[in-house]
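A.B. asks: To start, I am sharing the structure in question, which I have written as C-alpha cells.
Taken together, the values in this text are just the output of simple stated rules run on the coordinates, not laboratory data. Just so we're clear, the structure is a prediction, and the values are computed from it rather than from any experiment. Glycine gets a Cβ as well: all are built from the backbone with ideal geometry, and neighbour counts include every protein chain shown.
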Amino acid sequence: NTFDLGLSVQMSIAFWAKGFPDTGNPWVAKKGTDFGYQVARAGSTSFPTFTQTGTPGIDSPTGTMLNVNDTAWHHFAAVWDGISGTRQLYVDGTLDPGVNLTGDYGPSSNIAAFEYLVLGGRDLGGLGSYTPCLLNDVRIYRVALSQAEVLTLLPASPRPRLNSRNTAASGMRLA
C-alpha cells in the first residue's frame, strides 16, 4: 500500500495484454468490486471497462469501441483524474467513447489500501480468480496521463513478439 495515497486523486494504468478475461476477472486489479479499481472485461460483453469505485461516476462503464476478444495484443491505458473529474480508457491509443466519463471527481473514498495489487487476476483467493492472458509492460502512475502521453507509450513499448530460433543440438530457443 506504499503508493495508494497518491492514487486516491489521480492515476493511470498502462499495459499490453493478449487474451480475454473470463466474466468478472480483470487484467489489472486492486479488488475492483465494492471498492478499489480494475481494468477488466465489462461484465459478459466483449468490451473492456475501467472500474473505479468510491467516486461519483459509474463504477464500471462498458466500453463500446473495440471487441478485444481476439488473439491480438492490445495496449490499454486507463486514466482517472479526480481533479478534472474525468475517467477514460484508451485502447491501442484511441479513446473508447464508452469509457469517457466527466464529473467523476475525487478523491476516491474506496482506494482499497488493504488489498493486493494483482496482475492477471483478483485478490479473492481460491480457484478461478485468474485471467487466462499474457501481460507485458504494466505501468501504474500517480498522475493522469494526457492522450499525448498515452500515445508516447505505444512506440516505446512495441507489441510483444514471440521469437524462435533453432539452436542445433540443444533444440529450439523461444524469447
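A.B. asks: Which residues among the stretch 10-53 fall inside the zone where the amide N is under 14 Å from a point 7 Å beyond the Cα of Phe114, along Cα→Cβ?
C.D. replies: Under 14 Å, as judged by backbone N against the label point of Phe114, lie 31, 35-36 of the stretch 10-53.
A.B. asks: Over its Cα atoms, what ratio of radius of gyration to 2.2 N^0.38 Å does the stretch 1-106 give?
C.D. replies: So the stretch 1-106 has a normalised radius of gyration of 0.98.
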